[in-house]
């Protein structure tokens, strides 16, 4: 994995080196670094300047306590509490279903966890709810009144944070998986009823020695999704 943390990154380098980090060190970024990232991310494009994002940043004992609580709940209910939205569309059509299956297969290949190793795959899935060891967790929510345009704004806000994190030498793990524990997250953070949890995100320093961080998902050639007209 390329690590360009020793110098300032261009936007292109930040995008190219961004990945879903699935193994963090226990080194904790400075509070000021995280706050600076969020301050910069405020400039994310937002239709009508609604700025529909809501954010909680958690670390230290509160985060460790919450992870232990979820770990206990997983013993009884490993698949969580359900979700308030479809993380993926029902009856996902091609080529999207094949891409989803491929990325899962390729990731487990890097980890050398075969398909028949159900326990090993479940243990890896559960690591989502440890934030993959990240020392800082972010949770994102949006007002229930908001619609598709504002969800798009929220997604761009997340992307801004992920790229700005790379500028600081950090990595992130955006995790819609946390939607399956929305009731527990809502209670933990005292999220108002008018807000809907969207996802969590781990942030910190990547463990460069863990093979999982060598994994890069494939991307379609631009000819598959781009139409040029008038060129």
(message) Exactly one of these conditions fails for residue 104: (1) at pLDDT 95 or above; (2) outside any loop (DSSP other than H, G, I, E, B); (3) surrounded by 11 or more Cβ atoms within 10 Å (Cβ to Cβ). Give me its number.
(response) (1)
(message) Looking for something in contact (Cβ under 8 Å) with a residue 12 or more places away in the chain, more than 27 Å from residue 208 (Cα to Cα) and within 13 Å of the chain's Cα centre (by Cα) - is there at least one such residue anywhere in region 86-98?
(response) yes
(message) What's the total number of residues in region 50-99 that are over 30 Å from residue 27 (Cβ atoms), assigned to a helix (DSSP H, G or I) and modelled with pLDDT of 95 or more?
(response) 4
(message) For residue 15, only one of the following conditions fails: (1) modelled with pLDDT under 95; (2) within 27 Å of residue 163 (Cβ to Cβ); (3) not in a loop (DSSP other than H, G, I, E, B). What is its number?
(response) (1)
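Do we find that residue 80 is in contact with a helix residue (DSSP H, G or I) (Cβ under 9 Å, 6 or more places away or on another chain) and surrounded by 14 or more Cβ atoms within 10 Å (Cβ to Cβ) in this structure? Steps first, answer last, please.
Details: in contact with a helix residue (DSSP H, G or I) (Cβ under 9 Å, 6 or more places away or on another chain): yes; surrounded by 14 or more Cβ atoms within 10 Å (Cβ to Cβ): yes.
For residue 80, the condition - in contact with a helix residue (DSSP H, G or I) (Cβ under 9 Å, 6 or more places away or on another chain) and surrounded by 14 or more Cβ atoms within 10 Å (Cβ to Cβ) - is met.
Answer yes or no: is there a residue in region 137-152 that is under 15 Å from residue 20 (Cβ atoms) and touching a residue at least 12 places away in the same chain (Cβ under 8 Å). Full working, then the answer.
Filtering region 137-152 down to residues under 15 Å from residue 20 (Cβ atoms) leaves 137-138.
Going one step further and asking which of them are touching a residue at least 12 places away in the same chain (Cβ under 8 Å), we end up with 137-138.
Looking through region 137-152, at least one residue is under 15 Å from residue 20 (Cβ atoms) and touching a residue at least 12 places away in the same chain (Cβ under 8 Å).
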(request) Read through the list (1) crowded, with 18+ Cβ neighbours inside 10 Å; (2) not in a strand (DSSP E or B), then give the number of the only condition that residue 200 fails. (result) (2)
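Looking at this structure, is residue 29 surrounded by 18 or more Cβ atoms within 10 Å (Cβ to Cβ), within 24 Å of residue 153 (Cβ to Cβ), at pLDDT 95 or above and touching a strand residue (DSSP E or B) at 6+ places or on another chain (Cβ under 9 Å)? Steps first, please.
Numbers: surrounded by 18 or more Cβ atoms within 10 Å (Cβ to Cβ): yes; within 24 Å of residue 153 (Cβ to Cβ): no; at pLDDT 95 or above: yes; touching a strand residue (DSSP E or B) at 6+ places or on another chain (Cβ under 9 Å): yes.
No.
Identify all residues within region 24-49 that are assigned to a helix (DSSP H, G or I) and within 26 Å of residue 209 (Cβ to Cβ); write none if there are none.
Within region 24-49, 33, 34, 37 meet the criteria.
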(message) Quick check on residue 55: is it touching a helix residue (DSSP H, G or I) at 6+ places or on another chain (Cβ under 9 Å), surrounded by 12 or more Cβ atoms within 10 Å (Cβ to Cβ) and under 17 Å from residue 175 (Cβ atoms)?
(response) yes
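With 166, 127, 216 as the choices, which residue is surrounded by fewer than 19 Cβ atoms within 10 Å (Cβ to Cβ) and not in a loop (DSSP other than H, G, I, E, B)?
Details: 166 fails: surrounded by fewer than 19 Cβ atoms within 10 Å (Cβ to Cβ); 216 fails: not in a loop (DSSP other than H, G, I, E, B).
After ruling out the rest, the residue left standing is 127.
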(request) Please determine, by comparing only the residues of region 172-190 that are without any contact (Cβ under 8 Å) to a residue 24 or more places away in the chain and assigned to a helix (DSSP H, G or I), which one is surrounded by the fewest Cβ atoms within 10 Å (Cβ to Cβ). (result) 187
(request) Quick one: residue 142 ticks every box in (1) surrounded by 15 or more Cβ atoms within 10 Å (Cβ to Cβ); (2) assigned to a helix (DSSP H, G or I); (3) touching a helix residue (DSSP H, G or I) at 6+ places or on another chain (Cβ under 6 Å) except a single one, so which number is it? (result) (2)
(request) Select from region 99-110 the residues that are closer than 30 Å to residue 58 by Cβ, in contact (Cβ under 8 Å) with a residue 60 or more places away in the chain and within 19 Å of the chain's Cα centre (by Cα) and list them in ascending order. (result) 103, 107
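The values are calculated or read from the model by the stated rules, or taken from the named source; none is laboratory data. What you see is a predicted model; the values in this text were computed from it and never measured. Positions of Cβ are generated from backbone atoms using ideal geometry, with glycine treated the same way; all protein chains shown enter the neighbour counts.
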